[in-house]
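The values are calculated or read from the model by the stated rules, or taken from the named source; none is laboratory data. Small disclaimer: the values here were computed from a predicted structure and weren't measured. Cβ sites come from the backbone with ideal geometry, for glycine too, and all protein chains shown count toward neighbours.
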Amino acid sequence: MYISKISDQVPIVDSMAKKNIFFVQLFDILSIIFSAIIAYTSYFSFEEWPIHVNYIVAIVLSVLLTIIIFPLFKVNQLYGNDLFSYIHRLFLAWLTVIAILIIIAFSLKLSAHFSRKWLFSWTFLSFLLLFGTRLILHYIIYLAAKDNFKKIVIVGAQELGQTLVQRIRSAKPYLNIDVLAFFDDNDTLKNKAVENIHVNGNILNLSRFIRENEIDEVWVTPQYIDQAYLEKILHNLRYNLVTIRFIPNIFSFHLINYSVSQFLGLPVISLTESPMTNEVNRALKAIEDKVLASLILLALSPLMLMISIGIKLSSAGPIFYRQERMGWNGKLFMMLKFRTMPIDVEKETGPVWAKMSETRATRLGHLLRRTSLDELPQLWNVLRGEMSIVGPRPERPYFVEKFKEDIPDYMQKHLVKAGITGWAQVNGWRGNTDLRKRIEHDIYYIEHWSVWFDLKIIFLTIFKILFDKNAY
């Protein structure tokens, strides 16, 4: 009998899925580069070697677009039962990448520098390789799961036990686990079928059932957290060579980045944790922010200069507006914006929540708010380490105190740095929209943070600036 540590209970399926996504993306990059080289050597002589810089730029740009666009079409995950739908999505995703490249080439008047035959060949070969590598990875995972077949029994047929069965079934092909039976002393469940699995009533029969059915693992659910009952189960299974896993019922709570670790030899479950607790994540985020903020400032400095002149000429007062906001870990900082309203506009009214029918903004201010250009000075906040390019939008302390009592998990948005743009904003939850929905999207961002997720949000922000009617 082997009793697994709580640290063994880290979501195996999620980690395996993330690894699979990583390998899919890696093979996507290799497929695009390899097919581009094959297409190039097919239509150009070796005198044209090495590849012309225009083609190299196109290949690099296609790789970046693939990383951003493919998740939007949900083709980074390996296909399930609906293969034809997956092929269709993959084809559309790759065509979208090619279409954007063509639009960029025409916009910059560079289309004449590319061979149409090369483009068609590259598009076709890449799609074949993109799909072919997925077929191979899918088959490898299938073989690995087949060799790692396990038969398990779940002690406890109530809500958590049923959830485990559902997740196991949905985890295929990543896991190859067969739940042979439930064991539960609850009289209302004895000898009934739950999730099409028989419920055995007497826990004392568990040891014999394990021997007769060659069970590999026993998973114990938390309605039996009573120490005496757990000792009874362990004593009953003392002669069985099975792994026993204890599944804590922490999933009924709204957890953020929960993790399992050990401290001084003791199992520790972190119920709420910032992704920036990890030093590698924190370093990656800092590099991303500093590099992108510097590049954007450099590219948009002429526009920012024009806006500054326009503000100075259109209304009396300073160019920039400084306002106290709450950021990472609840620390306060002064956020910068281009001034869009007359000075001292809230002197008599006090803090006012912005509305769609905002009448306080100047004429230029309306335009800046509509296009979100008033947020550009926050790039300086990013360079100073007070904000990030991507993250939950910061709020004034006055409104934080007002909202934190009414909205569950509101304060959890401060587990990461506030951002100029965020997941809530690109999904339309900005301005005078449902605040609860905005917080839900902020929490989702924190739970799923990655550099690629940030790049996806930045890419979507470019389009939202042009079409979002909730900005004001």
Checklist entry - In this structure, is S308 surrounded by 14 or more Cβ atoms within 10 Å (Cβ to Cβ) and either in contact (Cβ under 8 Å) with a residue 24 or more places away in the chain or not acidic (D, E) (or both)? => result yes
Next on the checklist: Among (1) closer than 25 Å to R369 by Cα; (2) modelled with pLDDT of 85 or more; (3) of a type in the set (A, V, I, L, M, F, W, C), there is one condition F467 misses while meeting the rest; what is its number?
Outcome noted: (2)
Checklist entry - Does L137 qualify as being surrounded by 15 or more Cβ atoms within 10 Å (Cβ to Cβ), at pLDDT below 85 and of a type in the set (A, V, I, L, M, F, W, C)? => result yes
Checklist entry - For A157, all conditions in the list (1) at pLDDT 85 or above; (2) in a loop (DSSP other than H, G, I, E, B); (3) over 34 Å from the mean Cα position of the chain (by Cα); (4) not basic (K, R) hold save one; what is the number of the exception? => result (3)
Checklist entry - Got at least one residue in segment 398-413 being closer than 21 Å to K290 by Cα and under 22 Å from the mean Cα position of the chain (by Cα)? => result no
Next on the checklist: Take residues that are touching a Gly at 6+ places or on another chain (Cβ under 7 Å) and surrounded by 18 or more Cβ atoms within 10 Å (Cβ to Cβ) and tell me which of the helices (runs of 4 or more DSSP H) falling wholly in segment 360-459 contain 2 or more.
Outcome noted: 435-447
Checklist outcome for this item: By residue number, the members of segment 198-214 that are farther than 11 Å from F183 by Cβ and touching a residue at least 24 places away in the same chain (Cβ under 8 Å) are R211, N213, E214
Checklist outcome for this item: Of the residues in segment 255-276 that are part of a loop (DSSP other than H, G, I, E, B) and in contact with a strand residue (DSSP E or B) (Cβ under 9 Å, 6 or more places away or on another chain), the one that is farthest from K150 (Cα to Cα) is S274
Next on the checklist: Restricting to segment 269-289, name every residue that is touching a residue at least 60 places away in the same chain (Cβ under 8 Å) and under 26 Å from Q158 (Cβ atoms).
Outcome noted: I269, T272
